[in-house]
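First comes the structure, then the notes that go with it.
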Amino acid sequence: MLSALPSYIMQTNLIPRRVCDDLDKLNRSFLWGHSDGSRRIHLVNWNDVCRPKLHGGLGLRHSRNTNTTYMMKLGWGLIVDKDSLWAQVVRNKYKCGNDLLPIVKRRHSESNVWKGIRKGWDSLHNNIIWRPGNGKTINIWHDNWLPGLGVLKDVTSIPLNGVDTSLSLEYLVDNNGIGIKTSWISTFLQTLRIGF
């Protein structure tokens, strides 16, 4: 019950670290039966208590992680609900652009909501994987479209000087639309740091 109450505020606001730590402290005190005059021994590590029930914990959550997760959910809403009123307002106010993936960076006089979205953005962005479809909207070098590999510009062994980094995935598809051009595959494999 105690951990459920602040979740309403956490869904739309970035809560300061100190407040999150105080919320966790209140939860611990409640769980271990602390009162004003007495303290009881903590029988189990708090991290163990916060594990999922399937892994032997009580399923409680750290307040910081919960808040960051909610902020990532807001960021996800900017992507999937791009045409909703709130997403349009946020995208216009913070000049995020009209692309599917908004440009999320620090802005002058930003709101608490925007700070929260920025905090969770890197984790969210690094875990988004594209489904290619026709490949017109996927950038070969800057979008995460290969599961398990990540963004291609980060796994190349040579600098991308002279390489057209604005190419879309559509460029790689052969004429019949079924496979990838074999000439590009051999060139690409030579630039990777990983071995095949």
What number of residues within segment 20-46 are part of a helix (DSSP H, G or I) and in contact (Cβ under 8 Å) with a residue 12 or more places away in the chain?
10
Filter result (touching a Phe, Trp or Tyr at 6+ places or on another chain (Cβ under 6 Å) and under 21 Å from ASP22 (Cβ atoms)) within segment 36-79
ARG40, HIS42
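Here is a yes/no grid of residues against (1) closer than 30 Å to PRO132 by Cα; (2) out of contact with any Gly (no Cβ under 8 Å at 6 or more places or on another chain); (3) not aromatic (Phe, Trp, Tyr):
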{"position": "ASP24", "(1), (2), (3)": "no, yes, yes"}
{"position": "CYS50", "(1), (2), (3)": "no, no, yes"}
{"position": "GLY57", "(1), (2), (3)": "no, yes, yes"}
{"position": "MET71", "(1), (2), (3)": "yes, no, yes"}
{"position": "LEU85", "(1), (2), (3)": "yes, yes, yes"}
{"position": "ASP99", "(1), (2), (3)": "yes, yes, yes"}
{"position": "HIS108", "(1), (2), (3)": "no, yes, yes"}
Since VAL89 meets every condition but one in (1) part of a helix (DSSP H, G or I); (2) more than 14 Å from the chain's Cα centre (by Cα); (3) surrounded by 14 or more Cβ atoms within 10 Å (Cβ to Cβ), which condition does it not meet?
(3)
Unmet requirement for PRO102, which otherwise passes all of (1) in contact with a Cys (Cβ under 6 Å, 6 or more places away or on another chain); (2) in contact (Cβ under 8 Å) with a residue 40 or more places away in the chain
(2)
Could you tell me whether PRO147 is out of contact with any helix residue (DSSP H, G or I) (no Cβ under 9 Å at 6 or more places or on another chain), farther than 29 Å from GLN11 by Cβ and either among the basic types (Lys, Arg) or part of a loop (DSSP other than H, G, I, E, B) (or both)?
yes
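To keep it simple, each residue is scored yes or no on (1) basic (Lys, Arg); (2) surrounded by 12 or more Cβ atoms within 10 Å (Cβ to Cβ); (3) in contact with a strand residue (DSSP E or B) (Cβ under 7 Å, 6 or more places away or on another chain).
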{"position": "CYS20", "(1), (2), (3)": "no, yes, no"}
{"position": "LYS25", "(1), (2), (3)": "yes, yes, no"}
{"position": "ASP36", "(1), (2), (3)": "no, no, no"}
{"position": "ASN45", "(1), (2), (3)": "no, no, no"}
{"position": "TRP76", "(1), (2), (3)": "no, yes, no"}
{"position": "CYS96", "(1), (2), (3)": "no, yes, no"}
{"position": "VAL104", "(1), (2), (3)": "no, yes, no"}
For residues that are surrounded by 13 or more Cβ atoms within 10 Å (Cβ to Cβ) and among the hydroxyl-bearing types (Ser, Thr, Tyr), scanning just segment 118-164, find the one that is farthest from CYS96 (Cα to Cα).
THR156
Given (1) of a type in the set (Ser, Thr, Tyr); (2) modelled with pLDDT of 90 or more; (3) under 30 Å from ASP24 (Cβ atoms), number of the condition SER123 does not satisfy:
(2)
Is segment 91-106 home to any residue that is touching an Asp or Glu at 6+ places or on another chain (Cβ under 8 Å) and hydroxyl-bearing (Ser, Thr, Tyr)?
yes
Across (1) among the hydroxyl-bearing types (Ser, Thr, Tyr); (2) closer than 24 Å to SER123 by Cα; (3) exposed (fewer than 15 other Cβ atoms within 10 Å of the Cβ), THR69 clears everything bar (3)
For segment 54-64, check the following and say yes or no: at least one residue is within 25 Å of the chain's Cα centre (by Cα), without any contact (Cβ under 8 Å) to a residue 40 or more places away in the chain and under 26 Å from ASN13 (Cα atoms).
yes
So if I check each of GLY77, GLY59, which one is on the phi > 0 side of the Ramachandran plot and either at pLDDT below 90 or outside any loop (DSSP other than H, G, I, E, B) (or both)?
GLY59
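The values are calculated or read from the model by the stated rules, or taken from the named source; none is laboratory data. Just so you know, these numbers come straight off a predicted model, no measurement behind them. Here the Cβ is made from the backbone with ideal geometry for all residues, glycine too, and neighbour counts use every protein chain on show.
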